[in-house]
1. Is it the case that region 1028-1038 has a residue that's charged (D, E, K, R), assigned to a helix (DSSP H, G or I) and closer than 30 Å to Leu188 by Cα?
2. What number of residues in region 796-819 are of a type outside the set (D, E, K, R), part of a helix (DSSP H, G or I) and over 26 Å from Ala271 (Cβ atoms)?
3. Can you name the residue in region 492-516 that is over 10 Å from Arg609 (Cα atoms) and out of contact with any Phe, Trp or Tyr (no Cβ under 8 Å at 6 or more places or on another chain) and is also surrounded by the fewest Cβ atoms within 10 Å (Cβ to Cβ) among such residues?
4. It is to be established whether one or more residues within region 609-623 are of a type outside the set (D, E, K, R), free of Cβ contacts under 8 Å to residues at least 40 places away in the same chain and within 20 Å of Met531 (Cα to Cα).
5. Among the residues of region 758-778, which ones are within 18 Å of Ala806 (Cα to Cα) and in contact with a helix residue (DSSP H, G or I) (Cβ under 7 Å, 6 or more places away or on another chain)?
6. Exactly one condition in (1) in contact with an Asp or Glu (Cβ under 8 Å, 6 or more places away or on another chain); (2) touching a residue at least 60 places away in the same chain (Cβ under 8 Å); (3) of a type in the set (D, E, K, R); (4) surrounded by 15 or more Cβ atoms within 10 Å (Cβ to Cβ) is false for Glu97; which is it?
Amino acid sequence: MRPSYFKISILSICTLFIFSCGNNLPEKVAQEYKAIDDEVAYNIDIKPILSDRCFSCHGPDEENRKGDIRLDTEVGLFAKSENGNKAFVPRNLSSSEAIHRILSDDPELMMPPPDSKLQLSDKEKALLVKWVEQGAEWKEHWAFITQNEASNIPKANLDWKQDNKIDYFIQNELAKNNLEPSEEAEKLQLLRRVTMDLTGLPPTLNDIEFFKNDLSDNAYENLVDQLMQTDAFAERLTLEWLDIARYADSHGIHADGVRTSYPWRDWVINAFKANMPFDQFITEQMAGDLLPNATRDQIIATAFNRNHPMTGEGGVIDEEVRLEYVANRTNTMGTALLGLTLECAKCHDHKFDPISQKEYFQLSSFFNNIKELGMTGNDGDYGPVVYLTNEEQDKIVEYIDSEIDNLEKAKVPETPKPLKRVVYHGFETIKNKRIIDNRKQTRTTGEVDLKPGKKGKAANFDHMDDSVRMNGLPQFEGNEPFTISLWTYQDKDNHKTKTLVGNAGSKDQKWRGWEIYLDSLNRAAFRIVSMLPHDYLHVTSEQTIHLNEWTHVSASYDGTMKAEGVSIFINGKAVPTKIYFDQLSGSSYPISGRFSKNNRDLSVGKSYRRFTGDDGIYAGTIDELYIYNGEILPNQAQKLFEDSQKTSNINVIGFDNTSGNRNKVASLRKKRLQLYDTVPNLMVMREAPGIRRTHVLGRGQYDNKGEEVNVGTISKVLPFDETKYEPNRLGLSKWLFDPENPLTARVAVNRYWQMIFGTGIVATTEDFGNQGSLPSHPELLDWLAEEFRNSGWDVRSLIRLMVTSATYKQSSKITESSLAIDPENKWLSRGPSYRWQAEFVRDNALAASGLLYDKVGGKSSRPYQPEGLWLEKGNFSQALFTFKKDSGKDQYRRSMYTFIRRTSPPPFMTIFDAPSRDVCTVRRERTNTPLQALVLLNDPQFVEASKALACRISENLSYNFENKIRKGYLLALTREPNYQEISIMKDLYNDQLNHFNRNQKEVVKFLNIGDFKIPDNLDKTEIAALSVACNTLFNMDEVYTKR
């Protein structure tokens, strides 16, 4: 067994080591010690060592901390252990127990211990020794230090033309590292670079000609300003944000069915088009619904928080998956806005960063107070939602509501009238064990039998599949009054809901319909559902129904689409009711799994709910069922109670939709329902009434509830002051943009720097914590953060500052000296160069070929993908069972509009490292694989683009081959070819022309790839050969690589 930390006598260890300024160190450590010239800095040199090798056992995680030693705080680093020894003693190596441990080769003493599989290098050991000798100065983690004022701009001797402050910081670091900046990139190369960076599209021929001929001093700056005013610039910024917001068009888990997401994406595009300040941009997405007099656009913005994956899988535990949604929202906020790995504190205190598990759940509390389901349907959008009516539809709704209000205020006298009996069943006979009361449209399922009832016989339900189904009856919309009356004798209680009668559907039918049932407390309940959990009426009696006795239950609804229009009667008497939810806007007409209207059988004794663990199974006997097409007078409930015990023909009076003004009102409500049934809706945030309790969950398990917590934040970053901020998401947004918050501005400018330069100043864009990378230019990062705040959080201004810097405009050519000193271009001694993201690669081909359809916003498009991919997912999603490619222009839209199905994303995008959007992604991986080359050569999208490009460069019939290929180079690469390239292309073209002349069937086969048709005035064989040459252009690394 390993001795506990500090259990070995310090005196016995000191006999092994006598230190004095590096003497008597192990040989290799001593060599490294001598090589250390500068003063050792804690944040740069020491803390990364401690974080990587020590914090997992001696860090913030109290539950798993070993040896009573904590090394992540100043107090802990220099504290005495239980035996009085210290890990580190400034300027005293012999008394620093940790130094003895790291230098020991005794497996019983050495740290890190051998079984940890962690080791310190000789240089790291030397750094620790040097640090102790120099006084062991400790500093707060750099990212948690508030930047109260802008960093001093360093002095530098610049040869660069303009006075951009970024260049001073870069030049300062270049000088420190014996590097020189590169010369400015060639003019057309710079045009392509900045146009692609700012729009994701290549320059047009007009752009090339204009910029090439613009010799003014501010030509480049003017170009940047023009690009930033385009829709394409807003789309390009949106693409970056879609990764962060985990935007997709499907739910992601299990069935991975369809959802409506594009209206939120369009909101983002419009926000960037308007150059919305970043603090407003985030606040509206985090808490737009909580803003005073929130507009619909501000509510739409909150869909950011609902972009997470969801599941409709049968058998999942609703609360467990609901809490996963809450965690996803919390983690996304942490990654996107704080640059912290909050998820590591969900199950225990963070092992590396000062984030306790309690603080994690305090943060999650902000996102835990909306009325939402864990298990949803396989397809569709689930509440809270906002209906996306247009201006014209809004006017129609406003008119309808005004007319209804006027009609109701008129109070036209109503005369009670006999109501039509829709159905009556006394359950006296079963024919062939199926047909009830000789009504062929009423049949049993399961093993329903007859027992003595309240009057004569009654239907008995004793098995989980038992029910009575009645076909051919009215469905009753929310605007139609109706009444239900029956007797119930319940002999078992499963403490779940027990359906008496109704047609409400399953989760995959949005639960749509109505039902009267006994709830888990055995109270009579009535609800009409358009969609759970946000669009329905729900009323229950305060009185419970007793077991083992006959009870008469009736419910009457007036068709007003309001919960107050529901009356519940028990044994003929009106009983006090409780309204649980009162928001019915949409249609309650039953629908199928494909969301088309469906005349559903009325079910007695069991609901249509499935997979939830609460299927509405009733155990007992039901008798004397009456349904009427109107609202009864209150005294008629007593009549139903009395007469149903002695007769089978009860007539009641009340009000149907022909009474008074009811016909006009019902007609208006029907129009309103029909309108809402045709408009899309979007999942958004909306605070639920009251406060949902949030607990610390042991090991992150939903049912392992610990301490109850209120809203709060990470105190090490900035404590949450409830005297300054509201205790909700709006308050959290204000906390994020508090001038004292050290992270928000730094994280944002770092991400935009990454967008422009390929790598962030902090390379680990997602992690500003102890395990993250140190900033390459910390003073620049802080200066940019302060500039961003002082500009009013102006994103456009920030990006303009970056792309107009001489640093950005450098040539990306690599010299031997810069490669030797700065192989990864960390110090930016040359311009950025890396492969463009997936969307840019495809969009470049579409734009160059002339196929690109530049429609902004709207529903996602479905360009070509291999057949059968969606079939592999199975048929759980009715909407996405098979993939149907778009026809016409829509298939050629920008790639950012491509339909993203999370479990089966577009293969082209995946191969070029686009994320599946399950989680927040602030930094895409970049890989280079043979599949990428195969895609560019063989994917029908690129073959089709090659055909279109061949036709485009052949439009001028007087062009010879050299003219054509020059135009092709300009369109695809933004430059002209040299003589050697023209020669190679001509050889390739002639070779392919000979091939196709000998194989005319191959011409037809090749040109039939894709929907693009070759104009009749062009020679098909020549176009086929030229298409191969154009396809080669699209495979040149200049096309898909930033230069």
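The values are calculated or read from the model by the stated rules, or taken from the named source; none is laboratory data. Fair warning: this is a prediction, and the values are worked out from it, not measured in the lab. Note that each Cβ is placed from the backbone with ideal geometry, even for glycine, and that neighbours are counted across all protein chains shown.
1. yes
2. Count: 5.
3. That would be His495.
4. The answer is no, given that none of the residues of region 609-623 is of a type outside the set (D, E, K, R), free of Cβ contacts under 8 Å to residues at least 40 places away in the same chain and within 20 Å of Met531 (Cα to Cα).
5. Across region 758-778, the qualifying residues are Gly760, Ile761, His777.
6. Result: Glu97 passes all but (1).
To keep it simple, each residue is scored yes or no on (1) free of Cβ contacts under 8 Å to residues at least 12 places away in the same chain; (2) touching a strand residue (DSSP E or B) at 6+ places or on another chain (Cβ under 6 Å).
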| site | (1), (2) |
| --- | --- |
| Arg600 | no, no |
| Asp677 | no, no |
| Gly690 | yes, no |
| Thr694 | no, yes |
| Arg699 | no, no |
| Glu707 | no, yes |
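One line per residue, one yes/no per condition, for (1) over 23 Å from Asn368 (Cα atoms); (2) more than 21 Å from the chain's Cα centre (by Cα); (3) crowded, with 21+ Cβ neighbours inside 10 Å:
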residue: Lys670; (1), (2), (3): yes, yes, no
residue: Tyr676; (1), (2), (3): yes, yes, no
residue: Thr694; (1), (2), (3): no, yes, yes
residue: Asn710; (1), (2), (3): no, yes, no
residue: Ser715; (1), (2), (3): no, yes, no
residue: Thr744; (1), (2), (3): no, no, yes
residue: Val747; (1), (2), (3): yes, no, yes
residue: Leu774; (1), (2), (3): yes, yes, no
